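Asks: A single structure is presented below for examination.
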Amino acid sequence: MIEIGIDSFASAMYGDNNTLSSVDAMEQLLQRIELADQAGLEVFGIGEHHKKEFLDSATAVILGAAAGRTKRIRLASAVSVLSAADPVRLYQNFSTLDLISKGRAEIVVGRGSAIEAYPLFGYSFNDYDALFREKLELLLQIRANEFITWSGKFRPALNNLPVYPRALQEKLPIWLGVGGTPESFIRAGSLGLPLMVAVIGGQTHRFKPLVDLYREAGKAAGYKPEELKVGLHSPGFVGSTTEKAIEEYYPGYAELWTKLGRERGWPPVTKDKFDGLIDDLGVLIVGSPERAAEKILRHSESLSGISRFTFQMDNAGLTHTQLMNAIELIGSKVIPLIHKG
């Protein structure tokens, strides 16, 4: 069974000329999480950024507010930038969320695709991978043990110190968020951690060799196939028809990704490139409920099965009403089609 959900970066870029206040943008985000819960979506994730255009720097605070307005949906980070975080505080934040939500918290950790968190918290981007390796080791120790004895390079040592509160779930879910680095896939498999693959461009089936590396590493480490979950995160949008979805989604997508391209050295978005991304093999899932369900199932087949798919929808230009309509369509039509298979 494929779980379907949404990941949000708590974008503040809504309304005509981006005039919506941060207070209203946050309230609307919480309304969308509440609707996702009511509509039957299985998970809602909040990212972590430290930029003016996003409101998600304190992920667990947003999810804590959402926990009080929801009943069943799982609440996750998407992702927590572990390299720039203190694993003790990260665990405490999400174990507290787990108590508030009565066992619905999850953490997706990653190194982060943006670099602003590193100088903000006093770290060097030159230590990108070393930071992550050390902090992931500590986070997993904290999850497994109430009392911790540990030492490393980037954080003061812990000598038989307890970490409270403990999560309600016996084993608080910790997913490893990855991009396209083979070592990251192997690391997740070797540790037996569920894998969340962020695919933002190209064709999904090209990630099959990397997912195979993950599963091979997990098998070699002694983990069972059912323990090696694969999730897929991708930009997308669902409308009443495919034509309507493209009409509503493309302008904001082109604006946002062209802006990101200027920052990261990518070429500007063109309609031809966009059309390639939404075709049968392209990564973007933009279309009618039928089209969305068809592509999610195709993506799952191309990767030899996925356990979760999350849409990233709140890019510039989409209104709260459009996003609410998309959530309703995902819950009422996309999920039943996927479960029907």
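The values are calculated or read from the model by the stated rules, or taken from the named source; none is laboratory data. Everything numeric here is computed off the predicted structure, so don't read it as measured data. Counting neighbours? That spans all protein chains shown, and the Cβs are built from the backbone with ideal geometry, glycine included. Protein only, heavy atoms only, side chains kept; ligands, DNA and RNA dropped before computing areas. Shrake-Rupley method; radii C 1.70, N 1.55, O 1.52, S 1.80 Å.
Asks: Checking the cross-link filter: which lysines have an alpha carbon closer than 26 Å to that of residue 171, excluding same-chain neighbours under 8 positions apart?
Replies: 71, 102, 135, 219, 224, 229
Asks: Would you mind computing, in nm to one decimal, how far apart the modelled labels at residue 151 and residue 39 are, each placed 7 Å from Cα along Cα→Cβ?
Replies: Each label point lies 7 Å from its Cα, and together they span 5.3 nm.
Asks: If you average the C-alpha positions of the range 53-92 and of the range 262-310 separately, how far apart do those two centres end up, in angstrom?
Replies: The range 53-92 and the range 262-310 have Cα centres spaced 26 Å from each other.
Asks: For the peptides 144-152, 305-313, 332-340, 74-82, what is the packing order when you average, over each peptide's residues, the other Cβ atoms within 10 Å and list the highest mean first?
Replies: Going by the mean number of other Cβ atoms within 10 Å, highest first, we get 74-82, 305-313, 332-340, 144-152.
Asks: Can you quote the Å³ per residue value for the convex hull of the Cα atoms in the chain, rounded to an integer?
Replies: Working: hull volume 44.0 nm³, N = 341.
Spelled out: Cα convex hull of the chain, divided by residues, is 129 Å³.
Asks: While we're here: Between residue 116 and residue 206, what FRET efficiency comes out of the Förster formula 1/(1 + (r/R0)^6) with R0 = 30 Å and r the beta carbon distance, rounded to 0.05? Could the numbers behind the result be given before it?
Replies: On the way: r = 29 Å, r/R0 = 0.96.
With R0 = 30 Å, the Cβ-Cβ based efficiency is 0.55.
Asks: Largest first, please: the extent of the C-alpha atoms of the range 17-64 along each principal axis, to the nearest Å.
Replies: Rounded to whole Å, the extents work out to 31, 22, 15 Å.
Asks: Roughly what percent of Cα-Cα pairs across the range 160-211 reach past 14 Å?
Replies: Numbers: 800 of 1326 pairs.
Summing the P(r) of the range 160-211 above 14 Å gives 60 percent of all pairs.
Asks: Quick one, can you get me the convex hull of the C-alpha atoms of the range 1-139 expressed as volume per residue in Å³?
Replies: 122
Asks: Write down the percent of antiparallel bridges among all DSSP beta bridges whose residues are both part of the chain, to the nearest 5. It would help to have the intermediate numbers written out before the result.
Replies: Working: 5 of 40 bridges.
So the antiparallel bridges amount to about 10 percent of the total.
Asks: Per-residue HN-Hα couplings for the range 115-125, Karplus 6.51 cos²θ - 1.76 cosθ + 1.60 at θ = phi - 60°, whole Hz, x for Gly and Pro?
Replies: 10, 5, 5, 5, x, 4, 10, x, 10, 9, 5
Asks: Using only Cα atoms, figure out Rg for the range 213-269 and give it as a multiple of 2.2 N^0.38 Å. Spell out each step's value before the answer.
Replies: Working: Rg = 18.6 Å, N = 57, 2.2 N^0.38 = 10.2 Å.
Compactness ratio reported: 1.82.
Asks: Taking H placed 1.01 Å from N in the peptide plane, check which residues at least 5 places from residue 232 or on another chain put their amide H under 5 Å from its amide H.
Replies: Amide H to amide H, under 5 Å and 5 or more residues apart or across chains, residue 232 pairs with 197, 308, 309, 310.
Asks: When only alpha-carbon atoms are used, what values of Rg and Dmax, in angstrom, describe the range 198-329?
Replies: That works out to 16.0, 48 Å for Rg and Dmax.
Asks: Got a sec to turn the phi values of the range 86-91 into Karplus ³J(HN,Hα) couplings, 6.51 cos²θ - 1.76 cosθ + 1.60 with θ = phi - 60°, whole Hz, x for Gly and Pro?
Replies: Coupling constants for the range 86-91: 8, x, 5, 5, 4, 4 Hz.
Asks: If I compute solvent accessible area with a 1.4 Å probe over the protein chains, what percent of it on the range 129-183 is carbon and sulfur?
Replies: Details: 1500 of 2910 Å².
Roughly 52 percent, rounded to a whole number.
Asks: Same structure, new question: Considering amide H positions built from the backbone, and no H for Pro or chain starts, which residues 5 or more places from residue 8, or on another chain, come under 5 Å of its amide H?
Replies: 45, 46, 47
Asks: Using the crude model of +1 on Lys and Arg Cβ and -1 on Asp and Glu Cβ, and no other charge, please compute the dipole size for the range 203-272 relative to its Cα centre, in debye to 20.
Replies: Working: 11 positive and 10 negative charges, 56 e Å.
Dipole about the Cα centre, nearest 20: 260 debye.
Asks: While we're on this one: Amide H neighbours of residue 237 under 5 Å, at least 5 residues apart or on other chains, H built in the peptide plane: list them.
Replies: The list, which skips near neighbours in sequence, is 285, 286, 287.
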